[in-house]
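Notes for the one structure printed next.
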Amino acid sequence: SLTTVVRASLPRNMIENSMFEEEPDVVDLDKDSTAFPALEPDEVVYEPRSSRLLVRGLGENDLDDEEEDYESSARLLGMSFMNRSSTHNPSSSPYNRQAPPRSCSCSSARMLVVGVFILVLVASMAMALYFLPGCTFTKAGCGKANSSTPMEPSYPNSTNGELFPWNELRLPASVRPVNYDLSLTPNLTSMTFTGRTVINMTILHDTKRIVLHSSELNITKATFQSVEVKVLEYKPWQQIAVSFPEDLKVGQVCVLTLDYAANLSHTYDGFYNSSYNDKTGAKRVLAATQFEPQAARKAFPCFDEPAFKATFLVRITREPGYITLMPVIKSSVNITVVVGLLEDEFEQTGVNMSTYLVAFIVANFTSITRNVSNTLVSVYSVPEKKEHTHYALDTASTLLHFYNTFFHIDYPLRKLDLVAIPDFLAGAMENWGLITFRETSLLVGNQSSPLDKQLIANVVAHELAHQWFGNLVTMRWWNDLWLNEGFATYWQYTSLMTEFPQLDLDNVFLGVRFKAMAKDCLNSSHPVSVSSQVTTPEQVSEMFDSVTYEKGASLLLMLKTTLPDGQFRKGLIKYLDNYRGSNTVTEDLWNSLTQVGVQESVSDMMRTWTLQNGFPLVTVSRMGGHVTLTQEHFLLSADNATHTSNLWHIPVTYVNDSCSSAPSSTLNVSDSVKWLKFNYMNTGFYIVHYGDEGWATLIDALKTDINTLTPHDRASLIHNIFALSRLGRVSFRQVLNLLDYATSETETAPLTEALSQLSSVYRLLDKRQEQRLVARMKVNVPCSGAYQDWGEEESVSRQELRSVLLEMACSLGRQNCTDQATALYDQWTNSNQTKQIPGDLQRVVFSTAAQSDLRWLSLMEAYSSTTYDSEKRKILQALASTQDPQSIVWILSTGLEGGIIQTQELPLVISTMSDGFAGHLLVWEFVKENWDRIIEKFPVGSYPIQSIIKSTTSQFSTQTHLEEVQRFFSSLKERGSQMRSVQEALETIRLNQLWMDRNLPTLRIWL
Ligand SMILES: [Zn+2]
């Protein structure tokens, strides 16, 4: 799925891996051979299967075996290697090593892959815990019990008081569903539905019970092999079960039939009802589904885990005025026994699907359609927005063709529907064959700006990529969600860069890498492939975050640029081919790469990135021609105990100003080389510190000739120096020294990065009421004059740049900006909205207008009447940017209520308001007071909740606020206190506090 709110963990869990064992209550590590080798008691060595990545126990650090591996890793990348310093001290994490190699084949680019460098992985405390020897893992953690004698399980009570025959959140693996036959009868007047689910299943191990999921369904009758049976329910875990006196035998095929009734959901998941007002103002209702991650169980009883794939046959009964949609072609329409109702029967799905990918819709939508290869592609919307569907259809058709060709596997269904749903929480959801979207993520008017279209293309590209990465090949469990989301995010940018280069996605992708680092440099981050417990619904929801999506995509880019041309694609085709129709863990990806000839050392390298959280800081020091690189964990809260010894295999790249060849095995450059810039194009997921002299030479080089470095490299320097200043390695003065060059900067990537960094500093000062500094910054931020043109602009890159510059200038109150914006707004209203405002300028124009009471009211009217979704969203952001307390409170309560402002927009409203001074305190009060109602709408741990917590707290920087935030969240207990985003919020406030303490004095002197 894709979240759109603003712009948009640890070694693998032993219990999860045992899902296909009968009694996973206690799992014996020794038997768990799928991902982990047998461990001898007392042996503190972990060596993943066929891996040379050694994670050794604390204190042990014998590295001799690895010497060769470094060499081969390095050679693989076409480079030679360095000598390992022989006196390595395991307790000091900055791991000094003589830098390697490399000569430069002088030709054109000053880019040279230097090679995998370093790599001793000394097990950190956290990792060591998971690999303790001879340990039995139970729910309670690592117990003393001998693994061969499982503990007697204790079972909970069912709703009716009887013992429930299962005591795990994860289902037993003794039974496997093969096909679901679903009949559903929704009633859009009473907002209820009834259903019958017939599940065909096979028995994989002898068992006396069938356990599956069901939530908020009232089961009225159950039969097993045509005999009526009793169903037990354990509500806290959303499970139901049928017990049998005799074993069901291996290989037996059986049928369980369940009749039930339920209410259509009033939240955004399960089988939920949604409504909107049509052109005439009449209220129209519809019913739609959102099942990922764990809500299919709210629509029909099922084995609701991604590894339980099955086929589906669905019948839906409806009133004649509606249509029904399913991922497969409708096979017949029957008149039902109930007068006036019709029953649509869909063909059985030809492919095995995970439950979270099933979808159905009952609505009165209209569509446009096109045939692409052998697939009927359609875009559906409410009737009055039909003319806004063409861009999505064109884009989806092009991309479907692209993916079909690129992956060498055709999209397997005969139809592909893209549906815009008026009330929808996520950005979009990749249901197989029936992708659902927010209206703002799919519909765009013909006249809309390329920037608006860029958003639609992004979402469509992401969801289409999922049809392969996620739907065809699915992660086995949510801990490896990055295999879905990291890939979909990676392909979203990569496919568009290939097929729609004019949309300028490479700048966006660069910003995404920076964003991922902003989260991953905190203690509260997690590895991309999570090995700790991911079992509760909250833990599963929390997986949908920026690390899974954006760091996942960044690591794939790094892998791709590390491999020789074409090998990445070959490996992925192999991966898809190996696992089509089934489920995978991260290791399966590395194995597929190995099968196409990628060296094992690349998998070793990638494991250091996927199994550990965080990323490295590479420090460059140079003595004449001799360059030394060291690495350490880039962690902002460095006082924490986890700041130990994470080390990475880093594919280092660099550019310099000269191409003297130096065929040696250390990174020696000629003395005449003035500067070195590492991490070429910022494709590596690491930050580089050049030391005082190194920075000075780079700044000199830029001041002499800005084009010395590519725009991405310039943006990378800006990003890195701000990060180093937050870490306390460089002074803010040095940051400003670098920014001096930016007066001659005209490119989008470096300027937007500089402005976004400066505006976060500005917002912190603003919230601290540092009036004098704020006033100085208002004058000094370099955004005036850079763009004076307010007319139509074709280039997306220029649009991005100018909207950022102007939004900054107007929000700082620069007169020439606000005057222009207001004039454009008045023209627009005076012409009855016929005189168009260029799409990229709408937000700045509306937001400036919203600062006047009278114009705010006229914007409110425009908000209610417009049918252009992209425009509507920008108007809402403008309305929310008001500094008037009464309007702020009104918007917040209207948003929570739903209605004029839909509840789905609340996270966007909150994040917009939090940026403003008046908004940020009011919003925090609002969130505290209405917490319970907010989590009714947005589940604990979900992306909207993560966003709400982040935007309301991330600008606090005082002890008082820290304590208040701490107090509030700890008072929540199970209503949210355990969330990772709470840890992140507290850590961020502490860091803000630290930054202020460290930099305020300097800023006061300097500004
Ligand atoms: Zn997704």
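The values are calculated or read from the model by the stated rules, or taken from the named source; none is laboratory data. Remember, it's a predicted structure, so these values are computed and weren't measured experimentally. So basically every Cβ, Gly included, is an ideal-geometry build from the backbone, and we count neighbours across all protein chains shown. SASA here: full protein model, heavy atoms, side chains in, ligands and nucleic acids out. Shrake-Rupley method; radii C 1.70, N 1.55, O 1.52, S 1.80 Å.
Kindly state, to the nearest 0.05, the FRET efficiency for Thr829 paired with Arg975, given R0 = 51 Å and r defined as their beta-carbon distance.
0.70
Percent of accessible area on the range 575-654 owned by carbon and sulfur, 1.4 Å probe?
Ligands and nucleic acids excluded, carbon and sulfur give 51 percent.
Pull up all non-local amide H partners of Ile650: gap of 5 or more, or a different chain, and H-to-H distance under 5 Å with H placed in the peptide plane.
Phe117
For the range 257-357, what is the accessible area per residue in Å², given a 1.4 Å probe and the full set of protein chains?
34 Å²
Suppose R0 equals 30 Å. What FRET efficiency, 1/(1 + (r/R0)^6) with r the Cβ-Cβ distance, do Val779 and Ala518 give to the nearest 0.05?
With R0 = 30 Å, the Cβ-Cβ based efficiency is 0.65.
For the range 786-868, what is the accessible area per residue in Å², given a 1.4 Å probe and the full set of protein chains?
46 Å²
Compute the Cα gyration tensor for the range 908-1007, then decide on rounded, prolate or oblate, letting a ≥ b ≥ c be the square roots of its eigenvalues: rounded whenever a/c is under 1.5, prolate when a/b is larger than b/c in the other cases, and oblate in all that remain.
The shape class here is prolate.
With a/c under 1.5 counting as rounded, go ahead and sort the range 699-789 into rounded, prolate or oblate using the C-alpha gyration tensor (a ≥ b ≥ c being the square roots of the eigenvalues; past the cut-off, prolate if a/b is larger than b/c, else oblate).
oblate
Testing the spin-label approximation: label points 7 Å from Cα along Cα→Cβ at Asn179 and Leu204. State their distance in nm.
2.1 nm
Report, in listed order, any pair from Lys235/Lys937; Lys235/Lys551; Lys560/Lys874; Lys515/Lys872; Lys551/Lys677; Lys283/Lys874 with a Cα-Cα distance greater than 29 Å.
Lys235/Lys551; Lys560/Lys874
Using modelled backbone amide H atoms (1.01 Å from N, in-plane), which distant-in-sequence or interchain residues come within less than 5 Å of Phe312's amide H?
Here Tyr180, Thr349 satisfy the definition.
Can you give me the % of accessible surface on the range 762-916 that is carbon or sulfur? Probe 1.4 Å, all protein chains present, nothing else counted.
48 percent
Accessible area per residue, 1.4 Å probe, Å², for the range 655-784: what's the number?
37 Å²
Can you compute the FRET efficiency between Gln225 and Arg772 using 1/(1 + (r/R0)^6), with r the Cβ-Cβ distance and R0 = 60 Å? Round to the nearest 0.05.
Efficiency at R0 = 60 Å is approximately 0.15.
With all protein chains present, calculate the accessible area of Arg855 using a 1.4 Å probe and round the result to the nearest 10 Å².
It works out to around 70 Å².
Please sort 227-240, 301-314 by packing, taking for each peptide the average over its residues of neighbouring beta carbons within 10 angstrom, highest first.
Top of the packing list down: 301-314, 227-240.
Beta carbons within 10 angstrom, averaged per residue: use that to sort the peptides 754-761, 883-890, highest first.
754-761, 883-890
Is the range 270-353 best put as rounded, prolate or oblate by its Cα gyration tensor, with a ≥ b ≥ c the root eigenvalues, rounded for a/c under 1.5, and otherwise prolate when a/b is larger than b/c, oblate when not?
oblate
Round to a whole number: what % of the accessible area of the range 274-387 belongs to carbon and sulfur, probe 1.4 Å?
51 percent
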